[in-house]
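Each remark here refers to the structure printed beneath this line.
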Amino acid sequence: MNQPHGSNPHAQQQPPIDPFTAFWRDVWAKAGSPAPGQQPGFPGIPAMPQGFPGFISPEVARRMQAAFFDALAQYADQYMRSPEFLESMKKSMDQALQLRRQMDDFLKANLASTMAPISTGANAEILDAIRRTESMLKQELAELRTRLDRLESARSGNRAGPASPAKKARKRA
Amino acid sequence: MSQGASTSQPFNPFAGMFHGPDAQTMWGPWAAWINEVQQAQARFSAAMPKVMAAARKATKGCTPHEVVMTEAPVRLIRYQGKADRRFATPVLFVFALVNRPYVLDLLPHKSVVRRFLDAGFDVYLIDWGVPTPSDGGKTLHDYVEGHLHNAVTRILDLTGSPQVNLVGYCMGGTLSAMYTSLHQDLVRNLILMAAPFDWTPGQTLLSCWTDPRYFNVDALCDAMPLIPPALLGSSFVMLKPVANLFQKWTTFFERMDDEKFLEEFFAMELWTNDNIPICAEVYRDFVKYCFQQNLLRRGEFPLGRRKINLGNITCPVLNLTASADHLVDPVQSHPVRELVSSTDFEAIQVQAGHIGLSVGSKAHKELWPRATAWLADRSEPIEVPAG
């Protein structure tokens, strides 16, 4: 690209950039400017075919790709341990929780004004818990009944006779 | 285009780029490269039917089982194996509360459950289920002294055995150790898989993220009864973002012709994306008392009205760790040796990741035969009547 005569685009002070951005600029600069006699491959894209200038074998391309990913993974790990990242994570979590509290308060206030139940979920949850407890207790009672029937029949010597009321009730159920 | 004087031809500054010897040198490599990209795309299209078929076939677990106890949302599962039962002491698998447990029974050739079934054990697994908001008030005490204890007593009733063998994975290993310290008389052997016991600050990425200066666990738990699965799932993904967001897919693109790879890939994908919520109080207990205050290491972890003292554990312990574990670094698991009072303690480390401990080829080839043999040597055999 032609530059105006006498201008120096690099004279202007570049604003300080964060390490994450610096890494990506470095990566793309290397990818776009191959070393002499070499064409770096982008992840997932096949290398240049054999016989042409700048050929890289698939094995070499895979190793370069693996090295790229390893470097990126290390950088990501370092960044996610940095105070800057942790502070931004804290800020976003605080904002999300604040939004949640505001939504809850808004919904409560508006539902109350329409005389609707404040939280239909609460009733459903309580009923759900009651029903689960009920079915658990019924299961335990059924097992106890079975054991009692066995004990009774063992005590009466396994005499054949009319079925006990409990057995009849179970059959009806 | 006619030869000769061409004063009537319009000027084409790009003519030389597409014709002549220089054009071949300039565009030849690019044309070949574009050709390869097109071939790769054709390969991708041709593999799609295989990919779709493999995706549809993925299932949650592969070994037949029955539910022998239900305490909603928790279920106790008993597996049905083909091998004859050789040991009277049953095995109970205890998984973490943040994922589904069928990773232990992912595929027929990658099933830890089947390993123990084939070795002759009666195998159970406690499936913590999917908690609802009404479970939000449950604490770790409810899980350990409630559900886990009820599952153990149910197994003892069913089998007539006086003790069980506990196998705990990750957080399930920590819970299993807590339970064993409280009920050592009911546990014959304890196997720990990548179970954390020491949360010294800065060891892992998770310990950095749960630093109390940056993570207010009380505010999060007060805001909702259940910690959403999306929060937990995305946290796990971000522990290894490059591997999970980029490398996984480049490997998929390269190997999608391989049916066996596709079968394993989609089985794992199904499990990885099958996250469940966790009760807020359980989350609060674990993050505050383990990650932030490291109380378990110091013998001061409160569970109900008691404090957990892992020194009460005297049974044989087998501690399995994975050298490339990004979730529970082996240094978090090794301290259990000093904390328990067991005289029979063995540690095995395998070259694998956190999940690779249960689904990795190397683990199934090298680790699980050793682990099942270790347990077989220490379990009560079934007595075959003479004659």
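Just one residue in the set B:D274, B:D211 is in a loop (DSSP other than H, G, I, E, B), among the charged types (D, E, K, R), within 10 Å of chain A (Cβ to nearest Cβ) and touching a residue at least 60 places away in the same chain (Cβ under 8 Å); that residue is B:D211. Is there a residue in segment B:261-272 that is more than 30 Å from B:P73 (Cα to Cα) and surrounded by 19 or more Cβ atoms within 10 Å (Cβ to Cβ)? Yes: segment B:261-272 contains one or more residues that are more than 30 Å from B:P73 (Cα to Cα) and surrounded by 19 or more Cβ atoms within 10 Å (Cβ to Cβ). Counting the residues of segment B:234-260 that are more than 8 Å from every other protein chain (Cβ to nearest Cβ) and touching a residue at least 40 places away in the same chain (Cβ under 8 Å) gives 5. Within segment B:236-245, the presence of at least one residue that is closer than 19 Å to B:F95 by Cα and buried (at least 16 other Cβ atoms within 10 Å of the Cβ) is confirmed. Confirm whether B:V91 is over 29 Å from B:D257 (Cα atoms), modelled with pLDDT of 95 or more, surrounded by 14 or more Cβ atoms within 10 Å (Cβ to Cβ) and more than 14 Å from every other protein chain (Cβ to nearest Cβ). Considered against the rule, which asks whether it is over 29 Å from B:D257 (Cα atoms), modelled with pLDDT of 95 or more, surrounded by 14 or more Cβ atoms within 10 Å (Cβ to Cβ) and more than 14 Å from every other protein chain (Cβ to nearest Cβ), B:V91 comes out as yes.
Restricting attention to segment B:104-153, the residues that are among the basic types (K, R) and within 14 Å of another protein chain (Cβ to nearest Cβ) add up to 1.
The residue pairs whose first member lies in segment A:79-101 and is more than 7 Å from every other protein chain (Cβ to nearest Cβ) and free of Cβ contacts under 8 Å to residues at least 60 places away in the same chain, whose second member is of a type outside the set (A, V, I, L, M) and surrounded by 13 or more Cβ atoms within 10 Å (Cβ to Cβ), and whose beta carbons are closer than 6 Å, counting only pairs six or more residues apart or on different chains, are A:F85/A:Y79.
The values are calculated or read from the model by the stated rules, or taken from the named source; none is laboratory data. Computed from a prediction, not measured in an experiment: that's the story for all the values here. Cβ coordinates were reconstructed from backbone atoms using ideal geometry, including for glycine residues, and neighbour counts include every protein chain displayed.
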